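Here's the structure, in structure tokens; my notes come after.
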Amino acid sequence: MLLVDADRPEPVRGGARELAVFLTPEPRAEAKEVEETIEGLLLRLEEFCSLADMIRSDTSQILEENIPLLKAKVVEMRGIYAKVDQLEAFVKMVRRHVSFLEAHVLQAERDHGALSQALRKWLGSSGLPALGNKRWAPVAPTFELPVLYRTEDYFPVDVGEVMPRAPSCQRRL
């Protein structure tokens, strides 16, 4: 409790008034601080909204422009994959035919080489001078290549793509 001296009422009242003014908050300063905080939050909210709009527009651009391009590339790649699969199947078929032809060639070499050597030995050992001096060439049976495939059957050629060639030695493969 304050002891109020009757002799000095004025200094105590003056001090109380100063203390009251010092302790009384100023509503204008607090209101100004709250307004500045709200303005800062509104500015950040506006920046966030503009960033979200930019992301939405980029997403729309991706969906409208890039996705159709990607779909077209996927369709193109499927065609390329199909051609690669066809090429692999063709290479396997050619490999089988080459193995078949190699076996035929080796067998023909064995048959014709062994037959001509055995025949020459037999004729030379028979003692016939007339036959021994003559060069005898056995008539080899004609060998026909088996019909295997035509590349054009597997890879059709567009007429406009290939330049016409002069007819050359034609072989069946």
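Just a few scattered comments:
- Percent carbon-and-sulfur accessible area, the stretch 19-123, ignoring ligands, DNA and RNA, probe 1.4 Å: 65 percent
- Principal axis dimensions, largest first and in whole angstrom, of the stretch 19-123 by Cα: 148, 32, 10
- Glu65 paired with His97, simple spin-label distance in nm, labels 7 Å along Cα-to-beta-carbon: 5.0 nm
- Val84 paired with Cys49, simple spin-label distance in nm, labels 7 Å along Cα-to-beta-carbon: 5.1 nm
- Spin-label model, Leu41 to Glu76: label points 7 Å out along the Cα-to-beta-carbon direction sit 5.3 nm apart.
The values are calculated or read from the model by the stated rules, or taken from the named source; none is laboratory data. Small disclaimer: the values here were computed from a predicted structure and weren't measured. Virtual Cβ from ideal backbone geometry, glycine too; neighbours counted across all protein chains shown. Areas reflect the complete protein model, heavy atoms only, side chains present, ligands, DNA and RNA absent. Shrake-Rupley method; radii C 1.70, N 1.55, O 1.52, S 1.80 Å.
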